[in-house]
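*Asks:* Mind having a look at this structure? Questions to follow.
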Amino acid sequence: MQEVVLDVKGVNKGHYSAGIFSNGTLYISGQLSLDLDTREVVQGSSGAHMRKALENVERVLHAAGLGRENVVMCRVYVADMDNWDEVNEEYKIFFGAHKPARIIISAKELHFGCKVEIEAVAEV
């Protein structure tokens, strides 16, 4: 296994890696809707939270030398399913014609009060 290490201050506050390569697959740990440089939660709608979480996934992908087209699976944790339409729209904008497999999980509460968290799997 090869750990992907991001050059971002404070990204790994807990005992985990932002991403791990195993047998040609990159497993990306849950990325919250917070600014990875300031550690502040994004303000605004669930759509804004989704956009930030996807940007954080992309930072891990880029650190690994990959892009969003390499993503084959996402798990999306959403704190408020009533805002699903705007969350789904941001996902659609981010991935465009590429449609990775996906599961949506309703989460009562996410760390730091974030509205969205995403984990992803990407192939080399």
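Just so it is clear, none of the values below were taken in a lab; they were calculated from the coordinates. Owing to the predicted nature of the structure, the values given are computational and were not obtained by experimental measurement. Glycine also receives a Cβ, built like all others from the backbone with ideal geometry; neighbour counts cover every protein chain displayed.
*Asks:* Just rank His15, His111, fewest to most, by other beta-carbon atoms within 10 angstrom.
*Replies:* Listing His15, His111 from fewest to most nearby Cβ atoms yields His15, His111.
*Asks:* Equivalent-ellipsoid semi-axes (√(5λ), Cα gyration tensor) for the chain, whole Å, largest first?
*Replies:* 22, 17, 12
*Asks:* Is the shape of region 36-94 best called rounded, prolate or oblate, per the rule: a/c under 1.5 gives rounded, else a/b larger than b/c gives prolate, else oblate, with a ≥ b ≥ c the square roots of the Cα gyration tensor eigenvalues?
*Replies:* oblate
*Asks:* I would also like to ask the following. Given the rule -39500 (n - 2.57) for each run of at least 4 DSSP H residues, summed and divided by the residues of the chain, what is its mean residue ellipticity at 222 nm, to the nearest 500 deg cm²/dmol?
*Replies:* So the calculated ellipticity at 222 nm is -8000 deg cm²/dmol.
*Asks:* Sticking with this one: Given the Cα atoms of region 71-124, and with Rh set as the inverse mean 1/r over their pairs in the Kirkwood sense, what is Rg to Rh to two decimals?
*Replies:* 0.98
*Asks:* Next up: Take every Cα pair under 8 Å in the chain that's 6+ residues apart, average their separations, divide by the length, and report that relative contact order as a whole percent.
*Replies:* 33 percent
*Asks:* Skipping prolines and chain starts, which residues have an amide H placed within reach, meaning under 5 Å, of the one on Ser33, given they are 5 or more residues away or on another chain?
*Replies:* Lys115, Val116
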